[in-house]
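What follows is one structure encoded as structure tokens, with my remarks underneath.
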Amino acid sequence: MAFNGLKKAVTLSPCVRTLPSGVPAAPLLNLAARAPADPHDHGHGVAGPRSDSTPRWVGGVSRTASGLASKSYVTLSPTTPLSARFLHTSVAVKDAPQVPDFSHYRANDNDSNRAFSYFMVGTFGLVSASVAKSTVTEFLKTMSASADVLALAKVEIELASIPEGKNVIVKWRGKPVFVRHRTQSEVDEARETKWESLRDPESDEQRVKKPEWLVMLGICTHLGCVPIGESGDFGGWFCPCHGSHYDISGRVRKGPAPLNLEIPAYEFNDAEGKLVIG
Amino acid sequence: MLARQLSKGPALSALRRKNPLSIPRAFAVRNASTASSSSAFESFLNSRLTLASVSLFTAGSVAWYTHLYGSLPFLGQVHASHASEEGLHPPDYPWPHAGLIDTFDHASIRRGYQVYREVCAACHSLDRIAWRNFVGVSHTVDEARAMAEEVEYQDGPDDQGEMFMRPGKIADYLPGPYPNEEAARAGNAGALPPDLSLIVKARHGGANYVYALITGYVDPPAGVEVREGMNYNPFFPGGAIGMARVLFDGLVEYEDGTPATTSQMAKDVVTFLHWAAEPEHDDRKKNGIKAVILFSTLTLLSLYVKRFKWTPIKNRKILYDPPVDKKH
Amino acid sequence: MSFSTTLYNTFFRRNSIFVGTVFAGAFAFGIGFDTGATAFFDRWNRGKQWKDIRHKYVEAAEEEE
């Protein structure tokens, strides 16, 4: 029981009761009490009657300064003397609302904290940018030609197997490629032509890497036929489909073709005497 | 609870003890107290976190058991087949490339190619590997070109529409031992030697299984009969395999002088086949270690930045500061 | 002036310089990280990769010629 005695101070005694009618009543509280008129109320004025105050018709206990004045009930009094119920819902009132302590969030030194924050944010952006760049480049790499296509994309030709003044046609990426070993007279002829007045003006020097080797795609620039070698009015190629004439440098000289025969990418492997197309 | 709230002191308690019925009316009321009788244990039992973790633990234990023993716990199972028909489980071998950032041992790949070329290639094809794939992995360009030129490939058609034979280029794929599947079956008593390009990926146990298989030939145990032309291998599902043991000590002569024991050749050829199945293996691991470093750095940084951005929001205090009335 | 103040005044005060530093740094970091990771990777796998054993076969091929 000593334990109960200690507990006494903690448990608040009930101050509000519910009448058997169900109406809450607080006979010892003056529910009609109002705050005194306050010059600081900023024009809000006096509030209306409280909605939770007991209406007068319910009756109850009325007190005067001299003591109990009257005690009346409109409803039946409790059937048993023990059946009154008290409500106890009041919340403990605190002097000030509890605000959590955030002081540990504060930095000790504003300057270094600012620099550190910027540094971390900047590092975050830096690493993100680097990762994004790698991601994008790796993705773009998947769009380039795959290794097996690249492996087939080059054709090697033994130059020694082509005698002077002969044409060789090789297949490269499904297209014919003309390789001509030109004689010196053919080279002279190609160089002396007045190329400035041609339909697609190109000098022979622009079209070959070595004067004796002419390498070009064997596809007529008109509608894609394959021209015939060593024929035509200019000693070069002749397209049988619509009669385009190409000279010994593969430049269009006559007929409907709009452009000279195309030059593929190629290079010479002098060490092994090979021509690499692609 | 009731008693405790009612007890106003030792005097009242004494009164109550004397005669419970004589309690004054004022104290004999029932308190509708909303103070919860929370005990830490009860809230622990009722919390969602507990529920979720217990469910997760249960599901996890069942999954682990199933993973370990291959069947659900507490459920009896009857198998139509004996466990030996699924083959022995291969042991874990300490491959040089087993670690998270370990590359293939490329010298081993080179030796393994030699074993494949001299032993396996008699029956097994390697369709998906071209000569150019060896360049920069186990052979130089010149070696790959020389190896390709030893093989004749059909090409064409030429100007006359005829197919012709030409020496191989490095873009050509490795030739198979048989022209087609029927020829392969006919040459091996009806059993088709599988293509080895992806064999390490295509078998349970991967490299461990292939190694265990080619080194695991033993005499059949008592009671096991193997048909004529078949061989007993406990690692092969069913136990009877068409392929006979092929690797014996000293079968090949390595150019780098490594002693060609059976296990050495098996290890090399399995490394080679593993490379053939996963040529991207080394790059994959290199990119993997980079990605792990970068993304964990990004995670830590983003956690910091989140905290940095939320700090002013979290410790914001809203105060009402009423305006001052100028009249006073 | 402390180090942090110098850092702030040099890189962080103007947004253009800050963003520029971040992007330039991302470029440098990309190269540096790649180099570093590759170096570590090669160190870890020393003697196993093709570039470690290539010299044996290149020399052998040249001697034959």
> Of the residues that make up region B:70-79, is at least one within 30 Å of residue B:268 (Cα to Cα) and either among the polar types (S, T, N, Q) or without any contact (Cβ under 8 Å) to a residue 24 or more places away in the chain (or both)?
Replying inline: no
>> Could you check region A:101-125 and list, in sequence order, the residues that are at the interface with chain B (Cβ under 9 Å from one of its Cβ atoms) and basic (Lys, Arg)?
In response: A:106
>> Every residue in region C:1-41 that is more than 12 Å from residue B:290 (Cα to Cα) and among the charged types (D, E, K, R), please.
In response: C:13, C:14
> In region B:299-309, what residues are within 8 Å of chain A (Cβ to nearest Cβ) and either under 10 Å from residue A:123 (Cβ atoms) or among the basic types (Lys, Arg) (or both)?
Replying inline: B:301, B:304, B:305
>> Criterion first (surrounded by fewer than 14 Cβ atoms within 10 Å (Cβ to Cβ), without any contact (Cβ under 8 Å) to a residue 40 or more places away in the chain and farther than 22 Å from residue A:163 by Cα) does residue A:272 satisfy it?
In response: no
> How about region A:126-166: which of its residues are among the basic types (Lys, Arg), away from chain C (no Cβ under 14 Å) and surrounded by 11 or more Cβ atoms within 10 Å (Cβ to Cβ)?
Replying inline: A:154, A:166
>> Quick test for you: out of B:99, B:87, B:112, pick the one residue that is within 14 Å of chain C (Cβ to nearest Cβ) and either touching a residue at least 12 places away in the same chain (Cβ under 8 Å) or of a type in the set (D, E, K, R) (or both).
In response: B:112
> If a residue has to be in contact (Cβ under 8 Å) with a residue 12 or more places away in the chain, part of a helix (DSSP H, G or I) and either within 13 Å of chain C (Cβ to nearest Cβ) or among the charged types (D, E, K, R) (or both) to count, how many in region B:243-288 make the cut?
Replying inline: 9
> Do we find a residue being surrounded by fewer than 11 Cβ atoms within 10 Å (Cβ to Cβ), at pLDDT 90 or above, not in a helix (DSSP H, G or I) and not hydroxyl-bearing (Ser, Thr, Tyr) anywhere in region B:73-83?
Replying inline: no
> Which residues, taken from region B:214-232, are in contact (Cβ under 8 Å) with a residue 40 or more places away in the chain and either within 28 Å of residue B:109 (Cβ to Cβ) or touching a helix residue (DSSP H, G or I) at 6+ places or on another chain (Cβ under 8 Å) (or both)?
Replying inline: B:214, B:215, B:216
> Yes or no: residue B:286 of a type outside the set (A, V, I, L, M) and surrounded by 16 or more Cβ atoms within 10 Å (Cβ to Cβ)?
Replying inline: yes
> Quick one: in region B:219-256, which of the residues that are touching a strand residue (DSSP E or B) at 6+ places or on another chain (Cβ under 6 Å) and of a type in the set (A, V, I, L, M) is farthest from residue B:118 (Cα to Cα)?
Replying inline: B:226
> Can you tell which of A:225, A:220 is without any contact (Cβ under 8 Å) to a residue 40 or more places away in the chain and either surrounded by 15 or more Cβ atoms within 10 Å (Cβ to Cβ) or touching an Asp or Glu at 6+ places or on another chain (Cβ under 6 Å) (or both)?
Replying inline: A:225
> Does at least one position in region B:216-228 carry a residue that is exposed (fewer than 11 other Cβ atoms within 10 Å of the Cβ) and either within 14 Å of chain A (Cβ to nearest Cβ) or hydroxyl-bearing (Ser, Thr, Tyr) (or both)?
Replying inline: no
> Quick one: residue B:129 ticks every box in (1) more than 13 Å from every other protein chain (Cβ to nearest Cβ); (2) under 30 Å from residue A:170 (Cβ atoms); (3) touching a Ser or Thr at 6+ places or on another chain (Cβ under 8 Å) bar one, so which box is it?
Replying inline: (1)
> Looking at region A:151-181, which of its residues are of a type outside the set (A, V, I, L, M, F, W, C) and either out of contact with any strand residue (DSSP E or B) (no Cβ under 6 Å at 6 or more places or on another chain) or under 27 Å from residue B:131 (Cβ atoms) (or both)?
Replying inline: A:154, A:156, A:158, A:161, A:163, A:165, A:171, A:173, A:174, A:175, A:176, A:181
> Among the listed residues B:198, B:174, B:192, which satisfies the condition of being touching a residue at least 40 places away in the same chain (Cβ under 8 Å) and farther than 25 Å from residue C:45 by Cβ?
Replying inline: B:174
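The values are calculated or read from the model by the stated rules, or taken from the named source; none is laboratory data. Values in this document were obtained by computation on a predicted structure and should not be read as measured data. Note that we place each Cβ from the backbone using ideal geometry, even for glycine, and neighbour counts take in every protein chain shown.
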